[in-house]
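Read-outs throughout are calculated quantities, based only on the coordinates presented, and are distinct from any laboratory measurement. Quantities reported herein were computed from a predicted structural model and do not represent experimental measurements. Reconstructed Cβ throughout: ideal geometry from the backbone, glycine too, with neighbour counts over all protein chains shown.
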Amino acid sequence: MRQQFASYIRDPETKTGLDLKVLERDSEHVVSGVLTNDASWYPIIAGVPRLLMGDLKTDLLRRNFEFLERFDTALPERARHDWHAVRSSIDNVDAFLEHQRRTAESFAYEWEQIYRENEFERENFFHFLHPFVRSEDLVGRTTLDIGCGSGRFTKWAALSGASAAFGSDIGESVAVAYQMTRDIPNACIVQADIYSMPFERQFDFAYSIGVLHHLPKPEEGFSKLPHVLSPGGRMLIWVYNRRNNGRALYLYEPLRSVLRRVPKPLLFKLCYIPALAVHGVNAFGRVLGRVGLESLEKNLPFAYYRNFPFNMKLNDAFDVLATPKSNYYFVEDIRQWFIDAGLSSIAAYEHAEAGITCVGYV
């Protein structure tokens, strides 16, 4: 995190400001530090502010044992107290650290093997924002990518000219997102819970692409988001469409229920099967296009993927099958979310590949 971004961050519980204590720098980045106020404290670990509370914070402290051991004497007293309480709850430190090592290796495998940057990500980003937001709409704006995953869309918001492009996610994918955006001076990644966001009326544009439909309580999660927007700010989401989406409802979902307990390295290999099938359909479509049947090519299943590289198809197959839960909605349901959240000038668009983009203003 670059130091200037600390002023945007709020205590997720009280929504008050936080003071920054720098423990370690790398060039312009604060790679280790603490954000504090009278009520609480939050660590900055590996360049990412970690704004988690309750059990999520306890799990965070346990996962980052080595960071806290290293900076123990430099931490504020309240932080040391919390950390020592967590440390004393670990029965066998050596076994615990070995388990952490294996977990880290599994996580690294998942992201390093599955996700690959590609030249189509910018096109993909603005496809999800279509038809309401264009690249020029982001110039000079403050933006927030809610559920940023690998950071690929945070990156393109930043490169499209946002004055500050934030990305947030609850999971350890923030480490990947930080590395992807580290060299982009107007980008910042934070770890945060969508139900308790560490921002308050600071963004011109906030978006959540392909995230809310995976939450245990999607509508409640959405209801927590408009407060991050400044007056006149715009909120956009993309979620799965229930209408005309039988393939997902009657094929993907039964497969997911069977495969969700399969170890992820094995599931990744199994995902080559659907990815190759989609790739094959796209190849057949290109043949049709070459012989003058472009309209037929565009109406084939999975035509949305026809210009995307194979790895993107593999990544999406894994995303569909590895996610524990998915929900599907009618556009009328999503409009009601925006109405109930007090947003105005609401508009929605149903994409051909069974997704819904909806937008509204504070």
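In order along the range 144-149, the Karplus-derived 3J(HN,Hα) couplings, from 6.51 cos²θ - 1.76 cosθ + 1.60 at θ = phi - 60°, round to 9, 9, 8, x, 6, x Hz, and Gly and Pro are given as x. If the chain linking E24 and L270 were pulled fully straight, counting 0.36 nm for each residue of separation and taking away their Cα-Cα distance, it would gain 84.4 nm.
Scalar couplings 3J(HN,Hα) for the range 192-206, obtained by applying the Karplus form with A = 6.51, B = -1.76, C = 1.60 to θ = phi - 60°, are 7, 8, 4, 7, 9, 6, x, 9, 8, 6, 10, 10, 7, 8, 10 Hz; x denotes Gly and Pro.
Spherically averaged projected area of the convex hull of Cα atoms, the range 209-362: 10.5 nm². Of the complete DSSP H runs in the chain, those spanning 15 angstrom or more by Cα along the long axis with a mean Kyte-Doolittle score not below -0.5 are 272-290, 310-322. Residues of the range 243-263 with an amide N closer than 17 Å to a point placed 7 Å from the Cα of E332 along the Cα-to-Cβ direction: 243-245. Given a Förster distance of 51 angstrom, what is the FRET efficiency for K298 paired with E69, based on the Cβ-Cβ distance and rounded to 0.05? Approximately 0.35, to the nearest 0.05.
Treating the beta-carbon of each Lys and Arg as +1 and of each Asp and Glu as -1, no other charges, what is the dipole magnitude of the chain about its Cα centre, to the nearest 20 debye?
The dipole magnitude comes to about 760 debye.
What FRET efficiency comes out for L259 versus E353 if R0 is 22 angstrom and r is the Cβ-Cβ distance? Round to the nearest 0.05. The formula returns an efficiency of 0.50 here. What FRET efficiency comes out for the pair A46/V281, r = Cβ-Cβ distance, R0 = 41 Å, nearest 0.05? For A46 and V281, the calculated efficiency is 0.50.
DSSP assigns beta bridges within the chain; of those with both partners inside it, close to 55 percent run antiparallel. Per-residue ellipticity at 222 nm from helix content only, as computed over the chain with -39500 (n - 2.57) for each DSSP H run of at least four residues, stands at -11500 deg cm²/dmol. Close amide H pairs (under 5 Å, H built 1.01 Å from N) link G233 with V362, residues at least 5 positions away or on another chain.
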